[in-house]
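What follows is one structure encoded as structure tokens, with my remarks underneath.
Values quoted throughout were computed directly from the atomic coordinates according to the rules given, and no laboratory measurement underlies them. Every value quoted in this text rests on a predicted model; they were computed, and no experiment measured them. Note: ideal-geometry Cβ built from the backbone for every residue, glycine included; neighbour counts use all protein chains shown.
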Amino acid sequence: MPPLPDTASIPQELPVGVVLPYAGLLAATDASSTALAEIKAVLAGQGWLYCDGGSYSCNDYARLYGVIGNSFGGDTTNFNVPDLRGRFMRGVDGGAGQDPDALGRTASAQGGATGDHVGSLQADAFQGHEHQYTSTMESPTTAESKGPPLLNQLADQATTSVVSDGTNGTPRTTSETRPVNLAMNYLIRYR
């Protein structure tokens, strides 16, 4: 079993509701359920909950409920902490206009916030674009020099699967658009 966390040195001045990355084990894929239950109990005893979307009593966790309310889901007796498993965090737009789809954000769980508010969720997306190429064609000089093929653009034609510009390499493709990232667990302070 991994050693239990020691968060005693974390400053107590951190406000209730602060979310911090935590490099310790907490996710269901990290360790046995017995070990994880023990780690979570130690963290809870020190004022921290795992950001897994869990539901908690509004009365038992009144200070945290007073800060986040039902932003992440819940009802009149229970509220949810944020579910940050496999998700990136993004600052609330707050009317700044940096998130052009802010008003279309949905609730992250039933009863949660929508629109340009803390706790709202956006699905993954890829900004629309099109490459107007239908084929590649090598010019005589390119063929002789074994350089990259030249692409002939034809207006108003369907897009093909040309995915390399010959300079920056072949992009990695998968089922989502994402930056380079590092998996971490997140904790939220409740007292």
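Electrostatic bookkeeping for GLY66 treats Lys and Arg as +1 and Asp and Glu as -1; over the other residues with beta carbon under 15 Å from its beta carbon, the sum is +2. Full extension of the chain segment joining GLN127 with ARG178 gains 17.1 nm, where the gain is 0.36 nm per residue of separation less the Cα-Cα distance.
Computed over neighbours whose Cβ is under 12 Å from that of GLY104, the net charge equals -3, Lys and Arg +1, Asp and Glu -1.
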